[in-house]
1. Express the accessible area of the chain per residue in Å², computed with a 1.4 Å probe while the remaining protein chains stay in the model.
2. Taking the chain as the reference, fit the longest principal axis to its C-alpha atoms, fit the long axis of helix 56-73 to the helix C-alpha atoms, and give the angle between the two in degrees, 0 to 90, nearest 10.
3. Would you indicate which of (1) 12.1, 36; (2) 12.9, 56; (3) 22.5, 66 is the value of Rg and Dmax of the Cα atoms in Å derived from the coordinates of this structure?
4. For the chain, which whole percent of the accessible surface, found with a 1.4 angstrom probe, sits on carbon and sulfur atoms?
5. In degrees between 0 and 90, to the nearest 10, how far off the longest principal axis of the chain does helix 22-35 point, with axes built from Cα atoms?
6. Tell me what the chain gives for mean residue ellipticity at 222 nm when only DSSP H runs of n ≥ 4 count, each as -39,500 (n - 2.57), the sum divided by the residue total, rounded to 500 deg cm²/dmol.
Amino acid sequence: MSAVRKRSVSIRGHRTSFSVEQEFFDALEEIASARGISFAALVAEVDAARQRDTNLSSALRVHALKQAKAGSTGRDSDAD
């Protein structure tokens, strides 16, 4: 597994940052591409849906994991 890397993105008119491993970043990019949305739009969705006591980096990892699990079982993932 790769080291955690900090990244920045603009969502809803402001810059925010998150830190994830390259593997999670790649998975999130694939999710966005498969849905036909920008990476920033995916991050904005996850950010809007997460509980306020959950940090964005963790929420993004969980989203990627849920999508991977849904894909391996053929089920849709639950909303984050």
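1. On the way: 5010 Å² over 80 residues.
The answer is 63 Å² per residue.
2. Around 10 degrees separate the two axes.
3. (1)
4. The value for the chain is 50 percent carbon and sulfur by accessible area.
5. Once rounded, the angle reads 70 degrees.
6. Numbers: 3 runs with 43 residues, N = 80.
Mean residue ellipticity, 222 nm, calculated: -17500 deg cm²/dmol.
The values are calculated or read from the model by the stated rules, or taken from the named source; none is laboratory data. Nothing here was measured: the structure is a model prediction, and the numbers come from that model. Surface accessibility is based on the protein's heavy atoms, side chains included, excluding ligands, DNA and RNA. Shrake-Rupley method; radii C 1.70, N 1.55, O 1.52, S 1.80 Å.
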